[in-house]
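Every read-out reported here was derived from the displayed coordinates using simple, explicitly stated rules and does not represent laboratory data. Computed from a predicted model, the values in this text were never measured in an experiment. For neighbour counting, all protein chains shown are included, and Cβ atoms are generated from backbone atoms with ideal geometry for every residue, glycine included.
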Amino acid sequence: MQLLGTHHVAVICSDYGRSKRFYTEVLGLEVVSEAYRAARDSYKLDLRLPDGTLVELFSFPNPPPRLSYPEACGLRHLALAVVDLGAAVAHLEAHGVAAEPVRVDEYTGKRFTFFADPDGLPLELYER
C-alpha cells in the first residue's frame, strides 16, 4: 500500500451556523458543496484548504461532547500550515479567537500555537 496524502478530515459540530462561519469566514476555507440530509436531520459542508485537503463539517442532532481536557486517547488535533504565524495569530485575535502562547518545536525549530474551534476542537497553526 502506498499512501498519497490526507484526503479529508471530518468534524462534527454542535451549532452548524456558528461553525460554518468560523471555518469559512475566520479560517477562510473554500466551500465546495453543502447538503442538508433530511433523513439524518444533518448538514454536510465540504470545505477545501488551498492544498486541496478537504474538511467535512457535519451537524447532527445532540452530538455528545468531545473529550479534550485532559486529553483523551485518539485523534488529538488538526494542524494547519501557515507561512507567517504572527500574522495568522493576529488574524485569529481580530476575529475574537484566542490562541495559546507561541511555542517552538524543539526538534524542527518551527513555531506553532494552538487554538480551538467553536466546539473546543483543538486546532494547531504550524509555521512552515
(message) Can you compute the FRET efficiency between A35 and V104 using 1/(1 + (r/R0)^6), with r the Cβ-Cβ distance and R0 = 35 Å? Round to the nearest 0.05.
(response) 0.25
(message) I want to check the label-to-label distance for F60 and A81. Put each point 7 Å from Cα in the C-beta direction and report it in nm to one decimal.
(response) 3.2 nm
(request) In debye, nearest 20, what is the charge dipole magnitude of the chain about its Cα centre with +1 on Lys and Arg Cβ and -1 on Asp and Glu Cβ, if you could check? (result) 240 debye
(request) Sort out the exposed loop GluC sites (Glu not before Pro) in the chain (DSSP loop, at most 12 other Cβ within 10 Å) and tell me the longest stretch that has none. (result) 1-70
(message) With +1 assigned to the C-beta of every Lys and Arg and -1 to the C-beta of every Asp and Glu, and no other charges, what is the dipole magnitude of segment 1-48 about the Cα centre in debye, to the nearest 20?
(response) 80 debye
(request) Hey, could you grab the Kirkwood Rh for segment 34-128? Inverse mean 1/r over distinct alpha carbon pairs, Å, one decimal. (result) 15.4 Å
